[in-house]
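*Asks:* Handing you a structure now.
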Amino acid sequence: MDDSSGLKQKKLEFTLAAVSQLSSSSLSSSSSSSSSVIARFSADSGVAELRFHRDSEFIDGFNVDIGTSQLFKLGPVQSLCVSESSGASKEKSYSRAVTIQFRNEDESRDFHSAFEQWQKDVIQAGIHLPNGAIAASKSKFDYKIEPSSAKMYFHYYGQLLHQQNMLQDYVRTGTYYAAVIENRVDFTGRVVVDVGAGSGILSLFAAQAGAKHVYAVEASEMAEYARKLIAGNPALVQRITVIKGKVEEVELAEKADILISEPMGTLLVNERMLESYIIARDRFLVPNGKMFPSIGRIHMAPFSDEYLFVEIANKALFWQQQNYYGVDLTPLYGSAFQGYFSQPVVDAFDPRLLVSPPLCHVIDFNEIKEEDLFEIDIPLKFIASVGTRVHGLACWFDVLFNGSAVQRWLTTAPGAPTTHWYQIRCVLSQPIYVMAGQEITGRLHMIAHNAQSYTMYLSLSAKMWGPGAVQGGILQTSSGKLDLKEPYYRMSQPQSYTMAQDQQPQQLLQAQAIPIHTEDLDEAELLRQPSENTGPHLQ
């Protein structure tokens, strides 16, 4: 990737009315009524800067590092550019600010657009460094993720006990092993990049499959354990290089023929590692290179679970006490009630709790852009198979390893062998009633936030049944806001299925027969469902 071509194609200069520098102790002005000030964008020496000139002379001390600055609009023709301190303190602080006065609103708007584009390209391009080196300026990861969240995230994955938890998920680990070994033709003699390598297990699999060289990129302290583990396998150690750093920051000596990674979180997208996987694709993968996995699918279906609903609702009963050591807790009951329903439930459930066949949302890792994952909007439409109360939306995911020899799926579906991801259910505080054959519509809208997760907005509606249905009347609607970052980890095994009070025996039989499959995929030959002979077992 050329690190400067995109930068040099944009507008380089803007004429300003005035510019002045703010400091903690004084205000020094560089404006002048007799001469104009020129703001000039520059990418010389690999560093993108904004410099100010007057009478063709550079104004000393007014240069701005675009990669570490922010631009704020103070008014229609006035803005403030704040530069991050380069001091030794690890805490973020801003020590320099430049006030910019524009001649008119159009020039202000154009300048802001140019600044944003330059900053975006700085983040995307970076600076070419030696193999394994890390850029000193902020990366894309740093700009969009809260530091405290990143610190906790890398601390968590830097511990062996959490790596062991994932390694002992034999569905997960066994499927990856099978996908790699059964597709030796894709790995033999090829360069592989392991994105978020963790313990290095996938790098070792790739080396076992005959990879020419594997670059294991890991940002947490687990990188040191990975080096130790790989060193303990002398037959493979010479073909694996562990690089400690983020994929957004490190530089590699060569491009990759294959990317391999385990970037999936709860509901596929939690932890936002998919974005790093896509960034690694754009930075390191050769054209038409392979990605393991290459496709992910989020499956969704409405469910009925009276016991789960009551369990969550009852948690808030504590706040209905009117004499708790002489204190009335009831003013907080409503907030507590909604708070419990804002937690997605992570557990393994019986698929017979599903009210309709599922639909799915496909994410093609080969084609999707990073920014497409910032906001995910999924329209929902189901046909109820039974008459019951719908308590929310059940979700799970699967990913495809599209090898040249064997296509293999890793699924987290209910009824399949349980993984450490389990399944997830979004429970609504107000259930809706449906009859067999009734249409259920809605929307799942997910917006990424800087704590490496998503805010989820779910709505479900049951359309009018009988006279008036042709007019599109809505009988009832329920909606909720949930935080994927704060789930309720409920249990590790599916509940035994019990009949809801308003379900008849014949309806139960119908519910048991609901298949888990997708009906709305166009690429059926590629996106076929997991079957018994494409499961995670080793052959």
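The values are calculated or read from the model by the stated rules, or taken from the named source; none is laboratory data. Computed from a prediction, not measured in an experiment: that's the story for all the values here. So basically every Cβ, Gly included, is an ideal-geometry build from the backbone, and we count neighbours across all protein chains shown. These area figures cover heavy atoms from the full protein model, side chains too; ligands, DNA and RNA do not enter into them. Shrake-Rupley method; radii C 1.70, N 1.55, O 1.52, S 1.80 Å.
*Asks:* Could you run through region 434-460 and say how many residues are in contact (Cβ under 8 Å) with a residue 24 or more places away in the chain, farther than 15 Å from Pro357 by Cα, of a type in the set (Ser, Thr, Tyr) and open to solvent by 20 Å² or more (accessible area, probe 1.4 Å)?
*Replies:* Total meeting the criteria: 2.
*Asks:* Okay, moving on. Which ones in region 43-63 are crowded, with 17+ Cβ neighbours inside 10 Å, assigned to a strand (DSSP E or B) and either at pLDDT below 80 or in contact with a Pro (Cβ under 9 Å, 6 or more places away or on another chain) (or both)?
*Replies:* Correct list: Arg54 only.
*Asks:* Could you check region 393-407 and list, in sequence order, the residues that are of a type outside the set (Val, Ile, Thr) and over 23 Å from the mean Cα position of the chain (by Cα)? Outline the logic, then answer.
*Replies:* Step one: list which residues in region 393-407 are of a type outside the set (Val, Ile, Thr), which gives 393-398, 400-405, 407.
Those that are of a type outside the set (Val, Ile, Thr) and over 23 Å from the mean Cα position of the chain (by Cα): Gly403, Ser404, Ala405, Gln407.
*Asks:* Quick check on my filter: what residues within region 109-139 are at pLDDT below 75 and open to solvent by less than 40 Å² (accessible area, probe 1.4 Å)? Walk me through it before giving the result.
*Replies:* Step one: of region 109-139, the residues at pLDDT below 75 are 120-139.
Across region 109-139, the qualifying residues are Asp121, Val122, Ile123, Ala125, Gly126, Gly132, Ala133, Ala135, Ser139.
*Asks:* Report, by residue number, each residue of region 397-418 that is β-branched (Val, Ile, Thr) and open to solvent by 10 Å² or more (accessible area, probe 1.4 Å).
*Replies:* Restricting attention to region 397-418, the residues satisfying the condition of being β-branched (Val, Ile, Thr) are 399, 406, 411-412, 418.
Scanning region 397-418 gives Val406, Thr411, Thr418.
*Asks:* Still on this structure, I have one more. Of all residues in region 403-437, how many are under 17 Å from His299 (Cα atoms) and among the hydroxyl-bearing types (Ser, Thr, Tyr)?
*Replies:* 5
Residue-by-condition table, conditions (1) free of Cβ contacts under 8 Å to residues at least 40 places away in the same chain; (2) in a strand (DSSP E or B); (3) buried (at least 16 other Cβ atoms within 10 Å of the Cβ):
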position: Phe309; (1), (2), (3): no, no, yes
position: Ile312; (1), (2), (3): no, no, yes
position: Ala316; (1), (2), (3): yes, no, yes
position: Gln322; (1), (2), (3): yes, no, no
position: Leu332; (1), (2), (3): yes, no, no
position: Phe337; (1), (2), (3): no, no, yes
position: Phe349; (1), (2), (3): no, no, yes
position: Arg352; (1), (2), (3): no, no, yes
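*Asks:* Before we move on, is Gln476 open to solvent by 30 Å² or more (accessible area, probe 1.4 Å), under 21 Å from Ala313 (Cα atoms) and modelled with pLDDT of 95 or more? Reasoning before the result, please.
*Replies:* On the way: open to solvent by 30 Å² or more (accessible area, probe 1.4 Å): yes; under 21 Å from Ala313 (Cα atoms): yes; modelled with pLDDT of 95 or more: no.
It is false that Gln476 is open to solvent by 30 Å² or more (accessible area, probe 1.4 Å), under 21 Å from Ala313 (Cα atoms) and modelled with pLDDT of 95 or more.
*Asks:* Which residue, of Ile368, Ile383, Ile424, is hydrophobic (A, V, I, L, M, F, W, C), under 18 Å from the mean Cα position of the chain (by Cα) and open to solvent by 10 Å² or more (accessible area, probe 1.4 Å)? Before you say what the answer is, go through the steps one by one.
*Replies:* Numbers: Ile383 fails: under 18 Å from the mean Cα position of the chain (by Cα); Ile424 fails: open to solvent by 10 Å² or more (accessible area, probe 1.4 Å).
None of the others qualify; the one that does is Ile368.
*Asks:* Go through region 244-276 and give me each residue that's small (Gly, Ala, Ser), within 14 Å of Val193 (Cβ to Cβ) and surrounded by fewer than 20 Cβ atoms within 10 Å (Cβ to Cβ).
*Replies:* Here is the first cut: in region 244-276, the ones small (Gly, Ala, Ser) are 245, 253, 256, 261, 265, 276.
If we keep only those that are within 14 Å of Val193 (Cβ to Cβ) as well, we get 245, 253, 256, 261, 276.
Once the filter is applied, which keeps residues that are small (Gly, Ala, Ser), within 14 Å of Val193 (Cβ to Cβ) and surrounded by fewer than 20 Cβ atoms within 10 Å (Cβ to Cβ), region 244-276 yields Gly245, Ala253.
*Asks:* Assuming Met435 fulfils every condition listed in (1) modelled with pLDDT under 95; (2) in contact with a strand residue (DSSP E or B) (Cβ under 7 Å, 6 or more places away or on another chain) apart from one, which condition is it?
*Replies:* Every condition holds for Met435 apart from (2).
*Asks:* Mind checking whether some residue in region 277-285 is open to solvent by 10 Å² or more (accessible area, probe 1.4 Å) and among the basic types (Lys, Arg)?
*Replies:* yes
*Asks:* Any residue in region 272-285 that's closer than 16 Å to Lys144 by Cα: show its pairings with residues that are in a helix (DSSP H, G or I) and among the aliphatic types (A, V, I, L, M) at Cβ separation under 9 Å, as long as the two are six or more apart or on different chains.
*Replies:* Arg272/Leu373; Leu274/Leu373; Glu275/Leu373; Ile278/Leu373
*Asks:* From His391, His361, grab the single residue that is buried (at least 18 other Cβ atoms within 10 Å of the Cβ) and in contact with an Asp or Glu (Cβ under 9 Å, 6 or more places away or on another chain).
*Replies:* Details: His361 fails: in contact with an Asp or Glu (Cβ under 9 Å, 6 or more places away or on another chain).
The conditions single out His391.
*Asks:* Please verify whether Ile298 is at pLDDT 95 or above, within 24 Å of Gly189 (Cα to Cα) and buried (at least 22 other Cβ atoms within 10 Å of the Cβ), treating the condition exactly as stated.
*Replies:* On the way: at pLDDT 95 or above: yes; within 24 Å of Gly189 (Cα to Cα): no; buried (at least 22 other Cβ atoms within 10 Å of the Cβ): yes.
The answer is no for Ile298.
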